[in-house]
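The values are calculated or read from the model by the stated rules, or taken from the named source; none is laboratory data. No experiment lies behind these values; they were computed from the predicted model shown. Note that each Cβ is placed from the backbone with ideal geometry, even for glycine, and that neighbours are counted across all protein chains shown.
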Amino acid sequence: MKVLLFLFALLAAHFGKAQLTGHVAYSAEGVSFDIPKDWVGQELEEAFLMASSKEAGLVILLFHPAKTLEELSSKMEKGLSEGAVSLSLEGKLSNNGKDTVEGHYVGSLEGKSVKGKLIAMTNPYGLGVAVLSLINDDLYSKRTDGLAKEVANSIGFKQPSTKLSAIGNQSKNIQAAQEELVGYKLTYMESYYSNTPGGGGYERKRIINLCPNGLFTFYGGSYLNFPDPNWDPYQKNAKGHGTYEILEDDGDIYLQLNYNDGEYESLKCTYNDGVYLNGGRYYRGDVECY
């Protein structure tokens, strides 16, 4: 939910940047989907935001780690609450097929009533996907549900493209990525504070240590009520959380974090005025390895 609040706070700023339309495919994650007609999309860290200049509302695509419908339903039943955003389940969840759970949510955002449709599904190859269509409650209609279903129905899962080009490969792109990433602590920070009395706010930080020996440690928060198993605010864990690889796919560079529990996370790397992972700016510092 911290991500959701952040999306609303920065909506105008982000949609001044490059926008995507039509079919979107992430080969490193093995996930693809379609942006609705007359809508545009924007990549954000850990989320994908869609909006339209022709109709109200937002559609947000988020990743989650739940592996079973039982686990997914348990999380969704708790609702979504953080700072000035509060959403609760309206009615009961419904299971549509062996991998999908959906429900309606009502609540408030910055003191305004909102309503939406959430459709979440598990993924046999990795992280699952949740699609949230949200709008002011006085504008809610079947179209709100239809947008969530349209995006959810377009989602495709396949075996992710991995190990296309490993760290040992001496391509110029891989060499450049090694110089930018290996042996550094990467820190991402974001914050939001409401001007509305009692509106609250939040701060969020992610830290990735990429040790020269190929191990990494990761410390970060959680969102959408899906707990992060690596959350360790006091950094008491004296062991690495897994190994990492730098991969190349069609000229694009990905930092892949291979967690000790068998999960993995592929982060697209770009370099403009700094290091960006999945669109989020990370600041480099002295690495902290154990």
Is it true that GLU102 is part of a strand (DSSP E or B) and not polar (S, T, N, Q)? yes
Pull out all pairs, ordered by first then second residue, where Cβ-Cβ is under 6 Å, the residues are six or more apart or on different chains, the first lies in the range 92-109 and is over 13 Å from ALA130 (Cα atoms) and of a type in the set (A, V, I, L, M, F, W, C), and the second is in a strand (DSSP E or B) and at pLDDT below 90. LEU109/VAL85
In the range 52-75, residues that are closer than 22 Å to VAL106 by Cα, of a type outside the set (D, E, K, R) and either loosely packed, with under 15 Cβ neighbours inside 10 Å or in contact (Cβ under 8 Å) with a residue 60 or more places away in the chain (or both) total 10
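Can you work out which of the residues in the range 259-284 that are surrounded by fewer than 19 Cβ atoms within 10 Å (Cβ to Cβ) and either free of Cβ contacts under 8 Å to residues at least 24 places away in the same chain or among the β-branched types (Val, Ile, Thr) (or both) is nearest to ASN173 (Cα to Cα)? First the steps, then the outcome.
First pass over the range 259-284, keeping only residues surrounded by fewer than 19 Cβ atoms within 10 Å (Cβ to Cβ): 259-263, 268, 270-274, 276, 279-281, 283-284.
From what's left, either free of Cβ contacts under 8 Å to residues at least 24 places away in the same chain or among the β-branched types (Val, Ile, Thr) (or both): 260, 262, 270, 272-274, 276.
Details: ASN260: 27, GLY262: 27, THR270: 11, ASN272: 14, ASP273: 17, GLY274: 16, TYR276: 15 Å.
Among those that are surrounded by fewer than 19 Cβ atoms within 10 Å (Cβ to Cβ) and either free of Cβ contacts under 8 Å to residues at least 24 places away in the same chain or among the β-branched types (Val, Ile, Thr) (or both), it is THR270.
A quick yes/no check of all residues on (1) surrounded by fewer than 21 Cβ atoms within 10 Å (Cβ to Cβ); (2) under 25 Å from GLU29 (Cα atoms); (3) touching a residue at least 24 places away in the same chain (Cβ under 8 Å); (4) β-branched (Val, Ile, Thr):
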site	(1), (2), (3), (4)
ILE119	no, yes, yes, yes
TYR125	yes, yes, yes, no
VAL131	no, yes, yes, yes
ASN136	yes, no, yes, no
ARG143	yes, no, yes, no
LEU147	no, yes, yes, no
SER154	yes, yes, yes, no
LYS158	yes, yes, yes, no
Here is a list: GLY97, GLY107. Which entry is more than 16 Å from the chain's Cα centre (by Cα), modelled with pLDDT under 85 and of a type in the set (Gly, Ala, Ser)? GLY97
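So if I check each of LEU5, LEU62, which one is in contact with a strand residue (DSSP E or B) (Cβ under 7 Å, 6 or more places away or on another chain), modelled with pLDDT under 75 and either under 18 Å from GLY156 (Cα atoms) or not in a strand (DSSP E or B) (or both)?
On the way: LEU62 fails: modelled with pLDDT under 75.
Answer to the selection: LEU5.
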Which of the residues belonging to the range 143-173 are at pLDDT below 55 and of a type in the set (A, V, I, L, M, F, W, C)? LEU164, ALA166, ILE167
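Out of the residues in the range 34-58 that are part of a strand (DSSP E or B) and of a type in the set (D, E, K, R), which is modelled with the highest pLDDT?
Within the range 34-58, the subset part of a strand (DSSP E or B) is 34, 40-44, 47-51, 58.
The next check asks that each one be of a type in the set (D, E, K, R); those that pass are 34, 43.
Details: ASP34: 93, GLU43: 75.
Ranking the candidates gives ASP34 first.
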